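Take a look at the structure below.
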Amino acid sequence: MSVRDLTASVGEGGINQVDDVFTVQMLLNYVDPGSGGPTAQLDVDGMVGPLTISAIRRFQLTQLGFQDGLVEPARNTIKALRSFFVAPSAFPGEQAAGSAAVRSHRLVYRDVRLLGTRPAGDTVIEVNFDTPLQFFIDSAADTAASTAEPIRLKIMAHGSAAFVQFCSENLTLATLPRLAALRDAFGAGVDLFSCSAAFITPGQGDGNVFCMQLAQTLNTFVRASTATQRYTEGSAGSGLDFGRWEGTVLTYGPLGEVVHVQHAPRF
């Protein structure tokens with residue numbers, strides 16, 4: 001698992017594109033305070049403020065002997081930050097964490113308002129606009145109870161920032177508490193393949209907060225993108241195919257923290 005490259009400068013006087021800021025904030029959080037990391041974990045929110053700039057300066061002074069508060073592509077500060085990154089072993093591709101490297105059971109839910117043919121997976125369940133969210137909760141719990149392998153949940157549905165068009169009630173900040181019944185059910189993580197689910201917007205539409213709370217509620221790793229997603233509808237026998245993710249993909253840890261930032265990884 002690799003970290004996305006910066007496209008522009010981040011920090012004091014920087015261009016500060018949101019996706020680049022995500023990357024720098026996440027990398028700073030991997031540095032322990034004794035090595036120049038922030039004394040308190042930064043909020044990975046894509047916004048540059050005094051805490052982020054102070055953290056950049058602290059890291060530069062400790063590791064590089066200077067402090068200009070600016071992280072630039074392919075320069076010394078970003079190279080030094082990358083050296084501290086350790087990819088989260090609990091979400092490596094299609095395998096679950098652990099020395100045995102057990103293959104995960106792929107539990108796929110597709111809302112059929114996302115047009116296409118039936119996707120591939122070990123267990124594939126399709127829902128629509130009149131399927132109660134409780135059906136998803138009950139059927140996913142049943143699969144978890146009857147499956148020996150760690151489960152990786154893949155949800156395929158239309159959506160937008162902090163909103164997934166899924167079952168009759170949809171997935172929103174208001175409905176997430178209902179998923180507490182599925183806590184610890186998805187030991188191999190969750191792929192939320194829905195347009196812009198992690199995109200930051202003010203108020204109740206903040207995708208960053210939505211994904212953070214989803215990871216906390218389920219006590220697992222959650223991956224989602226900040227960008228619109230594209231897919232092919234597929235054909236009978238092949239299933240719809242999402243290919244690679246579009247845009248910046250964030251992985252949220254069980255505590256809700258951003259632990260990885262990628263660009264267009266394979267779905």
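The values are calculated or read from the model by the stated rules, or taken from the named source; none is laboratory data. Treat the numbers as computed from the prediction; the structure is a model and nothing was measured. In this analysis, Cβ positions are derived from the backbone assuming ideal geometry, glycine residues included, and neighbour counts consider all displayed protein chains. Surface areas here come from the heavy atoms of the whole protein model, side chains and all, with no ligands, DNA or RNA. Shrake-Rupley method; radii C 1.70, N 1.55, O 1.52, S 1.80 Å.
In the context of the full protein assembly, residue 146 retains an accessible surface of approximately 90 Å², using a probe radius of 1.4 Å and ignoring ligands and nucleic acids.
Normalised by the number of residues in the chain, the average gap of Cα pairs under 8 Å and 6 or more apart makes the relative contact order 16 percent. Averaged per residue, region 190-250 has 37 square angstrom of accessible surface, using a 1.4 angstrom probe with ligands and nucleic acids left out. Here residue 126 and residue 264 are evaluated by their C-beta separation; at R0 = 25 Å the FRET efficiency comes out at 0.40.
Taking all protein chains together and rolling a 1.4 Å probe, residue 158 ends up with roughly 70 Å² accessible.
Among beta bridges identified by DSSP and lying wholly in the chain, the antiparallel ones come to about 50 percent. For residue 105, nonlocal amide neighbours, meaning residues 5 or more places apart or on other chains whose placed amide H falls under 5 Å from its own, are 151, 152. Put simply, the amide H of residue 246, placed in the peptide plane, has neighbours under 5 Å in 230, leaving out anything fewer than 5 places away on its chain. I need the shape label for region 1-60. Rule: rounded when a/c is under 1.5, else prolate if a/b > b/c, else oblate, with a, b, c from the alpha carbon gyration tensor. Oblate, because a/c is 1.5 or more while a/b does not exceed b/c. Per residue, the solvent-accessible area of region 38-85 (1.4 Å probe, heavy atoms of protein chains only, all protein chains present) comes to 56 Å². In terms of its alpha-carbon gyration tensor, region 112-222 comes out oblate; a/c meets the 1.5 threshold, while b/c is at least as large as a/b. Net charge of the neighbourhood of residue 211, taken over other residues with C-beta under 14 Å away and scored Lys/Arg +1, Asp/Glu -1, is -4. Taking all protein chains together, 168, 9 sort by accessible area into 168, 9, largest first [probe 1.4 Å].
From the helices alone, meaning DSSP H stretches of at least four residues, give me the mean residue ellipticity at 222 nm for the chain, per-run term -39500 (n - 2.57), in deg cm²/dmol to the nearest 500.
Details: 5 runs with 59 residues, N = 267.
Computed ellipticity for the chain at 222 nm equals -7000 deg cm²/dmol.
Shape of the chain from the C-alpha gyration tensor: prolate (a/c of 1.5 or more and a/b above b/c, with a ≥ b ≥ c the square roots of its eigenvalues). Under 5 Å between amide hydrogens, built in the peptide plane, is the criterion, and for residue 4 it picks out 261, 262, 263 among residues at least 5 positions away or on other chains.
Each residue of region 172-178 is assigned a 3J(HN,Hα), and the resulting list reads 9, 4, 6, 9, 4, x, 5 Hz, derived from the Karplus form 6.51 cos²θ - 1.76 cosθ + 1.60 (θ = phi - 60°), x at Gly and Pro. Computed in the context of the full set of protein chains, the accessible area of the chain at 1.4 Å probe radius has 53% of its extent on carbon or sulfur. Can you tell me the FRET efficiency between residue 238 and residue 82 if r is taken as the Cβ-Cβ distance and R0 is 45 Å, rounded to the nearest 0.05? Using R0 = 45 Å, I get an efficiency of 0.75.
Charged side chains reduced to their Cβ positions (Lys and Arg at +1, Asp and Glu at -1) give region 1-77 a dipole of some 180 debye around its Cα centre. The packing ranking of peptides 226-232, 244-250, highest mean first, is 244-250, 226-232, where packing means the average number of other beta carbon atoms within 10 angstrom of each residue.
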